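Shown next, in structure tokens, is the structure this report addresses.
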Amino acid sequence: DVSSEAFASLRELLLTHKAVSSSYIEHHFKAFFERYNVLLQVEDYVTQRQALPLLAEMLLDRSFMRVMSSYIARAQYLQIHMNLLTDKSRCIRLAAFQLVKV
């Protein structure tokens, strides 16, 4: 499946080279998360299931501490996760909760 391979590649890029990734995301924060948060808001269950854990893994990593601080400071991003807490899927709700509890 193409989307699974795309997420695997993105995970590899973000989490293998953490210093480079965190620096890039810090400098391109708005553009990166405008695009990434679209993945969280689509109606496709599989996309949401892959995007949420990757985001959590990234933001909870110490290398991305400044990115995480910027992310959780934005109300519009909190709104996305609050909406995901009302999703019909228990797995989506749990994954969204993992980020909200930060």
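The values are calculated or read from the model by the stated rules, or taken from the named source; none is laboratory data. The model shown is predicted, which means the values in this text are computed figures rather than measured ones. Every residue, glycine as well, gets a Cβ built from its backbone with ideal geometry; the counts of neighbours run over all protein chains shown. These accessible areas exclude ligands, DNA and RNA; they are computed on the full protein's heavy atoms, side chains included. Shrake-Rupley method; radii C 1.70, N 1.55, O 1.52, S 1.80 Å.
Out of 45, 24, I need the residue that is farther than 17 Å from residue 95 by Cβ and open to solvent by 80 Å² or more (accessible area, probe 1.4 Å). Which one? Before the answer, list the steps.
Details: 45 fails: farther than 17 Å from residue 95 by Cβ.
Going through 45, 24 in turn, the sole match is 24.
Would you point out which residue out of 36, 24 is among the aromatic types (Phe, Trp, Tyr) and closer than 23 Å to residue 79 by Cβ?
Values: 24 fails: closer than 23 Å to residue 79 by Cβ.
Of the residues listed, the single one that is among the aromatic types (Phe, Trp, Tyr) and closer than 23 Å to residue 79 by Cβ is 36.
Name the residues in segment 27-42 that are in a helix (DSSP H, G or I), within 30 Å of residue 90 (Cβ to Cβ) and either among the acidic types (Asp, Glu) or open to solvent by 40 Å² or more (accessible area, probe 1.4 Å) (or both), would you? Reasoning before the result, please.
Here is the first cut: in segment 27-42, the residues in a helix (DSSP H, G or I) are 27, 29-41.
Checking the rest, the ones that are also within 30 Å of residue 90 (Cβ to Cβ) come to 32-41.
Selection gives 34, 35, 38, 39, 41.
In segment 70-89, how many residues are open to solvent by 60 Å² or more (accessible area, probe 1.4 Å), over 25 Å from residue 43 (Cα atoms) and of a type in the set (Ser, Thr, Tyr)? Give the derivation first.
Keep residues of segment 70-89 that are open to solvent by 60 Å² or more (accessible area, probe 1.4 Å), which gives 72-76, 78-79, 82-83, 86, 88.
Checking which are over 25 Å from residue 43 (Cα atoms) leaves us with 73.
This time we only want the ones that are of a type in the set (Ser, Thr, Tyr), so: none.
The number of residues fulfilling the criteria is 0.
Taking segment 17-54 only, how many residues are among the small types (Gly, Ala, Ser) and under 24 Å from residue 85 (Cβ atoms)?
Initial filter on segment 17-54 (among the small types (Gly, Ala, Ser)): 19, 21-23, 31, 51.
Checking the rest, the ones that are also under 24 Å from residue 85 (Cβ atoms) come to 51.
Adding up the residues that qualify gives 1.
Return the residues of segment 10-21 that are of a type in the set (Ser, Thr, Tyr) and surrounded by fewer than 17 Cβ atoms within 10 Å (Cβ to Cβ); say none if nothing qualifies. Walk me through how you get there before you give the answer.
Our first condition is that a residue be of a type in the set (Ser, Thr, Tyr); within segment 10-21, this holds for 16, 21.
Answer for segment 10-21, where residues must be of a type in the set (Ser, Thr, Tyr) and surrounded by fewer than 17 Cβ atoms within 10 Å (Cβ to Cβ): just 16.
Of (1) farther than 22 Å from residue 3 by Cα; (2) in a helix (DSSP H, G or I); (3) not hydrophobic (A, V, I, L, M, F, W, C), residue 86 satisfies all except one. Which?
(2)
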